[in-house]
Amino acid sequence: MTTQTATAPVTARTCSPEGRVTRSLLGYGPLAGTVFVGSIFLQGLTRRGFSIPHDDASLLANGPLGWIQVVTFLVAGAMTIAAAVGVRRALRSRWAPRLIGLYGAGLMADGFGPGAPAGKAVHVSWHGDGHLIAASIGFIAVIAACFVVARYLSRAGRRGLAIYSRITGVAFLAAFAGVTSGSSSPAIVLPFYAAVTAIFTWLAIVCVHLYRRAA
């Protein structure tokens, strides 16, 4: 006499090809911050004449080793744009991915380019002014993105993430307002570095949240 044991069917959650592409693009969100923040702090700790508490990261693009920071801006910016495409595919929002993508474009336009003299420039050319304007547009865009994403999260019932998104936007706005003064005081520069780290952390968390929902 044989007995049969009934087993419950095992269902596996599958991901469509479109979902896999979306997840791959969203994966660039955490990578962008890792590349950008990691590169700046490694350079800041090893580059002679550069002081993290006093100097803007764009100054790392000056001097013979400036190409390292230029590549950092380009790679992190491209990854941010790729993440924005993933957000567009995963989120029913027109403005959130556009604003995040604009931030990525601002990163790619930032920096003064390799070959410039090391240290702070005495006179900023029109080319440098263009980079500063592009960066400012990118900063304003990512601040707006925080509030647009917060609205989506609130509607989706993720109030905790929505509050976190708004707080990040407000904190970055305050830090950005500080650096527009042109002060090299550590009380201004260090909070801005912290705010940049916070904004990339926010992007990573949003991308991970959407990654888990992508099917």
Surrounding charge for residue 81, neighbours by C-beta under 15 angstrom, Lys/Arg +1, Asp/Glu -1, total +2
Hull volume per residue for segment 162-203, using the convex hull of the C-alpha atoms, in Å³ is 51 Å³
A 1.4 Å probe over the protein heavy atoms gives segment 149-209 a carbon and sulfur accessible-area percentage of 66 percent
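The values are calculated or read from the model by the stated rules, or taken from the named source; none is laboratory data. All figures in this text were calculated on a predicted structure; none of them were measured in a lab. Methodologically, a virtual Cβ is constructed for each residue, glycine included, from the backbone with ideal geometry; neighbour enumeration extends over all protein chains shown. Accessible surface is based on the protein model in full, side chains and every heavy atom, while ligands, DNA and RNA are left aside. Shrake-Rupley method; radii C 1.70, N 1.55, O 1.52, S 1.80 Å.
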